[in-house]
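The values are calculated or read from the model by the stated rules, or taken from the named source; none is laboratory data. Keep in mind it's a predicted model, so treat the numbers as computed, not measured. Virtual Cβ from ideal backbone geometry, glycine too; neighbours counted across all protein chains shown.
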Amino acid sequence: MTGQVKWVKITTNMFDDEKIRIIESMPESDSILIIWIKLLTLAGKVNANGFIFLTENIPYTDEMLSSLFQRPLNTIRLALETFKRFNMIQYSDSNMLYILNWEKHQNIDGLEKIRQQGKQRIERYREKQKEIDSECNVTSNVTERYSNVNPLSLSLILDNVTNIDTTVTIEGEENQKTEEKPKKKGNKKKYAENVLLLEQEYETLCSKITKEGADRCIEILHLYKGSSGKKYASDYMAILSWVVKSYQAEIEKARASPAAKKKKELEGVKW
């Protein structure tokens, strides 16, 4: 299901159509029409030129549609038989259900644009993963890649993957949506003499490890780079890859100190 669609086109004179008017005169007409609308929206969600399937290799059965639409199985079968008799739906040789004249009723150019944007979104995500792999110097195997990363660092890495807006502009449609635009990264700021971060990166650190923790991680990296002469393509990725872990070790060491234990014991004493 590449590039799911948030809408399908339904004309205002839908109920003037002869087939719809005949269906309205039939028993269970309301349920049949609701099933028709649900089929249209499902075809839009799948976005495969009117085909309706669970996956490309698994067609929907009557029982599956009954469960999905929350309608009795007999009503589903009555509706499907009616739609087939009126040439509203058809089944492929592989028993795949599809809406007839889908191209006539829907904006195919717009749907194709959404499908292509879905593919591009996946490609951008994969490229972002490659950047993370390169800067963290990890292997391409997913299991091995994250097996030694502490949970907090992993959470920060995953948060760094930008969510892409899937809305598009469809020409000729009354309800136009804003075309996808990549967000500008902006300029990096100097948070210490040797540490540059995007404002969004700094805010992410603050939200995950508090402002105090973020500032301490920046200080650790600043001191290390100043004393070693080390340079990083991304200070943010350096913080994720090892500085956070070093900061957490400091916290644990402080908690285990005799002074900290004594303070904890005193706090537990009732005066």
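Things worth noting here:
- Number of the exception - I52 against (1) closer than 13 Å to I89 by Cα; (2) part of a helix (DSSP H, G or I): (2)
- Check on N101, surrounded by 14 or more Cβ atoms within 10 Å (Cβ to Cβ) and at pLDDT below 90: no
- For W7: the one exception among (1) of a type in the set (A, V, I, L, M, F, W, C); (2) touching a Gly at 6+ places or on another chain (Cβ under 8 Å); (3) part of a strand (DSSP E or B): (3)
- Taken together, M26, M1 contain a single residue that is modelled with pLDDT of 90 or more and over 16 Å from N101 (Cβ atoms), which is M26.
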